[in-house]
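*Asks:* Structure below; questions to follow.
The values are calculated or read from the model by the stated rules, or taken from the named source; none is laboratory data. This one's a predicted model, so the numbers in the text were calculated from it and none came from an experiment. Quick reminder, even Gly has a Cβ in these numbers, built from the backbone with ideal geometry, and neighbours come from all protein chains shown.
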Amino acid sequence: MNNAIFYHAGCPVCVEAEQLILDAIDRSKYLVEVVHLGEHSDHLAEAEKFGVKSVPALVIDEHVFHINFGASIEALK
């Protein structure tokens with residue numbers, strides 16, 4: 001099974017994007033993890049390692065897709 005991680009900061013744009021992503025991804029093909037970086041700052045280094053520059057962002061098999069500019073990773077530190 002492939003991995004997908006959705007990183008966000010809890011803003012309205014992020015919450016809406018989270019729901020759209022969860023509805024759209026085929027759960028039989030992807031194991032989806034949702035990480036709220038505002039609540040789980042211990043995942044910031046992991047997100048940066050994947051190349052996440054801003055949230056909301058979706059990482060699928062270590063490839064990052066920036067969805068919209070809600071907050072920069074630097075602002076979440």
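*Asks:* Read through the list (1) surrounded by fewer than 13 Cβ atoms within 10 Å (Cβ to Cβ); (2) of a type in the set (A, V, I, L, M); (3) in contact (Cβ under 8 Å) with a residue 24 or more places away in the chain, then give the number of the only condition that I73 fails.
*Replies:* (1)
*Asks:* When both residues are 6+ apart or on different chains and their Cβ atoms are under 7 Å apart, which pairs have a first residue that lies in region 21-49 and is within 13 Å of E62 (Cα to Cα) and in contact (Cβ under 8 Å) with a residue 40 or more places away in the chain, and a second that is of a type in the set (D, E) and surrounded by fewer than 14 Cβ atoms within 10 Å (Cβ to Cβ)?
*Replies:* Pairs found: none.
*Asks:* So in region 1-15, with the set limited to residues that are part of a helix (DSSP H, G or I) and surrounded by 14 or more Cβ atoms within 10 Å (Cβ to Cβ), which one is modelled with the lowest pLDDT?
*Replies:* Quick first cut of region 1-15, residues part of a helix (DSSP H, G or I) only: 12-15.
From the residues that got through so far, the ones that are surrounded by 14 or more Cβ atoms within 10 Å (Cβ to Cβ) too are 13-15.
On the way: V13: 84, C14: 87, V15: 89.
Among those residues, the one meeting the criterion is V13.
*Asks:* Could you say whether any residue in region 24-43 is buried (at least 16 other Cβ atoms within 10 Å of the Cβ), touching a helix residue (DSSP H, G or I) at 6+ places or on another chain (Cβ under 6 Å) and of a type outside the set (V, I, T)?
*Replies:* Yes, some residue in region 24-43 is buried (at least 16 other Cβ atoms within 10 Å of the Cβ), touching a helix residue (DSSP H, G or I) at 6+ places or on another chain (Cβ under 6 Å) and of a type outside the set (V, I, T).
*Asks:* Being outside any loop (DSSP other than H, G, I, E, B), more than 11 Å from the chain's Cα centre (by Cα) and of a type in the set (A, V, I, L, M, F, W, C) is the filter here, so list the residues in region 23-44 that pass it. It would help to see each step written out before you state the result.
*Replies:* The first filter runs over region 23-44 and keeps only residues outside any loop (DSSP other than H, G, I, E, B), leaving 23-24, 30-36, 41-44.
Keeping just the survivors that are more than 11 Å from the chain's Cα centre (by Cα) gives 23-24, 30-31, 41-42.
The answer is A24, L31.
*Asks:* May I ask you to list the residues in region 50-75 that are assigned to a helix (DSSP H, G or I) and among the charged types (D, E, K, R)?
*Replies:* Start the filter on region 50-75 by keeping residues that are assigned to a helix (DSSP H, G or I), which leaves 50, 73-75.
Answer for region 50-75, where residues must be assigned to a helix (DSSP H, G or I) and among the charged types (D, E, K, R): just E74.
*Asks:* Let me ask another. Answer with yes or no whether A47 is under 11 Å from the mean Cα position of the chain (by Cα) and assigned to a helix (DSSP H, G or I).
*Replies:* Values: under 11 Å from the mean Cα position of the chain (by Cα): yes; assigned to a helix (DSSP H, G or I): yes.
Here the answer is yes, as A47 does meet what is asked.
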